[in-house]
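J.: Just passing along the structure, written as structure tokens.
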Amino acid sequence: MVIRWVPSEVRLVAYYANLMLVSSFLGLGVGAMISSRNLNLFRFFAPGLALNILLLLGLSWATLPGGEGEWRFFQSVDQKAYSYLILVLIFAFNALTFVPLGEAIGQQFHRLKPLRAYSWDLGGSLAGTLFFGAFSLLHFSPVLGMALVILVAMALSTWKERMWGLPCYVLALSAIVFASDQRAYWSPYYFITVGEQKAEIQAAPDGKGRVLNLIEVPASDPPKNVTTMADPPIYIVHVNQDFYQMHGSVDTARYSGGTWQRQFMTAVLAQYRVPYQLTGEVNRVLVLGAGGGMDVQTALMQGAKRVDAVEIDPVIPRLSNRYSSAAPYANQGSGGKVVLHIDDARAFLQKNTEMFDLVIFGFLDSQALFSYGSSLRLDGYTYTVESFKKGFERVRPGGAMSVSFFAGREWMVHKLIQMLEEGTGLKPFVYMQDGRLVMVVTKGDPATLPLEYFGWKRTDVPHATVDLAT
């Protein structure tokens, strides 16, 4: 429960995936080692849990520490030392919370012969993993999950411990209920919230004009005619409190001339159209990391007769079906042009043998910490030399492969370009805009694209010495 819930509340923890796991094991291990002393620490589990939850909720504002060797999507780096102290504090308090549980487990080991005790321990671990896996996949709820934990803890407590612990458990559960966003969605991977993009018009300081600011408000239910209406809403999806993707139509004809939506989506569409300007006729397209369906929409608008859309998170396409005015995944089934695959991008490439006119690696950033050294991420096997090589093998003669990414550090730009070059044996065409990259390699003579295309500038990046991800 801690590992699944905490990163959704404390952004700082979301960047360090193993922090809660390691601290939990540390607490369990320390408790097991001191279990022979019979300190009866289990009576302190309830107040420890309550204090830990209140501390975590109180530190939800904490920002990311780091340096030039690390980067987070749309997240500035905070060099203040207290960020690291907060990480240590969270680690220590979580470990202390698990010490009473470790003591109780250790006492059970002493009651049985070692192999029998270990068999029960391993069986319990497997059963817990299967139960939590199903709970996380089918209907994860931090409130329901923590309530189950509290019920089990109460059942294992003495009458005196229950009376002592009940107020603490009520406080802990109430804090989680208070902090929970009732409009949020929980996928197998993310805590997801949806907002709506709005325009805020203010008077200019000189009093002669108006200033248009784009703001975000909580999303209400989309209009029933969202897929057919003019000037449809544009929705923003967040995961673990960070921007993730937009859900809306990139068909600029859907918006009235002069509206902010038309201007906004014109710029967005240009980003997705860059690969199509460098290749010829595109009948079959593979989109890896299809998300809300922006790449899928663009492929259909460019005349694709079939689009294979690969997305690892089953909740994201469901949200797209609900909020996106383009309804990109509605074009499925018999006679449809879109085939949705709920799968990991690298796994799909490993087992797929079909050929495509265009293979697109969309923005697959898993909203994790990027480190020049190493950082295990959900997308860790997708952005590798071997993955790009496998993707390029699926490109037909005359076709192309495109990789899009938001690179916030210069070393990331060099790393991605050289990984693509190493995997394909070709120097990619690189277009950049405000840190965003679109890199294209072609099997054949590429079409001519201007040196600047709607703000996307063709860039020759000089070679630099970097370690390639493999």
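J.: In debye, nearest 20: dipole of the chain around its Cα centre with unit charges on the Cβ of K, R (+) and D, E (-)? Mind showing how you got there, number by number?
T.: Details: 39 positive and 37 negative charges, 180 e Å.
Charge dipole, the chain, about its Cα centre: 860 debye, nearest 20.
J.: What are the ³J(HN,Hα) values, in whole Hz, obtained from phi via the Karplus relation 6.51 cos²θ - 1.76 cosθ + 1.60 with θ = phi - 60°, for each residue of segment 303-308 in sequence order, with x given for Gly and Pro?
T.: x, 5, 8, 8, 10, 8
J.: Counting only DSSP beta bridges with both residues in the chain, what percent are antiparallel, rounded to the nearest 5?
T.: Just about 65 percent of them are antiparallel.
J.: Still on this structure, I have one more. Mind giving me the FRET efficiency for Asn18 and Val339? R0 is 25 Å, r the Cβ-Cβ distance, nearest 0.05 is fine.
T.: That pair, Asn18 with Val339, gives E of 0.10.
J.: Can you compute the FRET efficiency between Arg37 and Thr470 using 1/(1 + (r/R0)^6), with r the Cβ-Cβ distance and R0 = 56 Å? Round to the nearest 0.05. Provide the component values of the computation, followed by the final result.
T.: Values: r = 48 Å, r/R0 = 0.86.
About 0.70, to the nearest 0.05.
J.: If all Cα-Cα distances of segment 105-169 are sorted into 10 Å bins from 0 onward, what percent lands in each bin, rounded to whole numbers?
T.: Bins of 10 Å from zero give 18, 34, 36, 12 percent of pairs.
J.: Once fully extended, how much extra length lies between Asp445 and Phe406, figured as 0.36 nm per residue of separation less the alpha-carbon to alpha-carbon distance?
T.: Here the segment from Asp445 to Phe406 would lengthen by 11.3 nm.
J.: What is the Cα centroid distance between segment 275-300 and segment 139-165, reported in whole angstrom?
T.: 49 Å
J.: What is the extension gain from Ala199 to Arg458, computed as 0.36 nm multiplied by their sequence separation minus the C-alpha to C-alpha distance, in nm to one decimal?
T.: Contour length minus the Cα-Cα distance gives 90.1 nm.
J.: Here is a follow-up. Using the Karplus equation 6.51 cos²θ - 1.76 cosθ + 1.60 (θ = phi - 60°), what ³J(HN,Hα) coupling, rounded to whole Hz, does each residue of segment 252-259 give in order, writing x for Gly and Pro?
T.: Result, rounded to whole Hz: 5, 5, 6, 10, 5, x, x, 7.
J.: As a test question: what accessible area, to the nearest 10 Å², does Asp344 have when a 1.4 Å probe is rolled over all protein chains in place?
T.: It works out to around 50 Å².
J.: Separate question: Expressed as cubic angstrom per residue, what is the convex hull volume of the alpha carbon set of segment 206-334?
T.: About 154 Å³ per residue, rounded to a whole number.
J.: A 22 angstrom limit on the alpha carbon distance is what I want to check against. Which of Lys390/Lys443; Lys337/Lys427; Lys337/Lys443; Lys427/Lys457 exceed it?
T.: Flagged as over cut-off: Lys337/Lys427; Lys337/Lys443.
J.: What nm distance separates the two modelled labels at Asp121 and Thr228, each placed 7 Å from Cα along Cα→Cβ?
T.: Rounded to a tenth, the inter-label distance reads 6.4 nm.
J.: Please state the charge dipole magnitude for segment 292-447, taken about the Cα centre, from unit charges on C-beta atoms (+1 on K and R, -1 on D and E), reported in debye and rounded to the nearest 20.
T.: Using Cβ point charges on Lys, Arg, Asp and Glu, segment 292-447 gives about 220 debye.
J.: In bins 5 Å wide, starting from 0, what share of all Cα pairs of segment 107-212 does each bin hold, as a percent?
T.: 2, 9, 11, 12, 12, 13, 10, 7, 5, 4, 4, 3, 3, 2, 1, 1, 0
J.: Moving on to the next point. Would the chain count as rounded, prolate or oblate if I go by the C-alpha gyration tensor, calling it rounded below 1.5 in a/c and otherwise prolate when a/b exceeds b/c, oblate otherwise?
T.: Verdict is prolate for the chain.
J.: In percent, how large is the relative contact order of the chain, given Cα pairs closer than 8 Å and 6 or more residues apart? Could you put the intermediate results ahead of the total?
T.: Details: 789 pairs, mean separation 59.5, N = 470.
It comes to 13 percent, rounded to a whole number.
J.: Taking amide hydrogens as modeled 1.01 Å from N in the peptide plane, which residues meet the under 5 Å criterion relative to Asp379, leaving out close sequence neighbours?
T.: Counting only residues 5 or more places away or on other chains, the set is Ser366.
J.: Using a 1.4 Å probe and ignoring any ligands, DNA or RNA, find the accessible area of Asp221 and quote it in Å² to the nearest 10.
T.: 120 Å²
J.: As an exercise, use a Förster radius of 22 Å and the Cβ-Cβ distance of His139 and Trp164 to find the FRET efficiency, rounded to the nearest 0.05. Walk me through the intermediate numbers first.
T.: Details: r = 32 Å, r/R0 = 1.45.
Step by step, r from the Cβ atoms, then E = 0.10.
J.: Let me ask another. When a/c is below 1.5 the answer is rounded, else prolate if a/b is larger than b/c, else oblate, so apply that to segment 273-430 with a ≥ b ≥ c taken from the square roots of the Cα gyration tensor eigenvalues.
T.: Judged from the Cα gyration tensor, segment 273-430 comes out oblate (a/c at least 1.5, b/c at or above a/b).
J.: Let me ask something else about it. Determine ³J(HN,Hα), in whole Hz, for all residues of segment 234-240 in sequence, where each value follows from phi through the Karplus function 6.51 cos²θ - 1.76 cosθ + 1.60 and θ = phi - 60°; x replaces Gly and Pro.
T.: 10, 10, 10, 9, 10, 10, 6
J.: If you stretched the chain out fully between Phe131 and Arg318, how much longer would it get, using 0.36 nm times the residue separation minus the C-alpha to C-alpha distance?
T.: Length gained, Phe131 through Arg318: 64.9 nm.
The values are calculated or read from the model by the stated rules, or taken from the named source; none is laboratory data. All values derive from a computational prediction rather than experimental measurement. Positions of Cβ are generated from backbone atoms using ideal geometry, with glycine treated the same way; all protein chains shown enter the neighbour counts. Remember, those area values only see protein heavy atoms, side chains included, never the ligands or the DNA or RNA. Shrake-Rupley method; radii C 1.70, N 1.55, O 1.52, S 1.80 Å.
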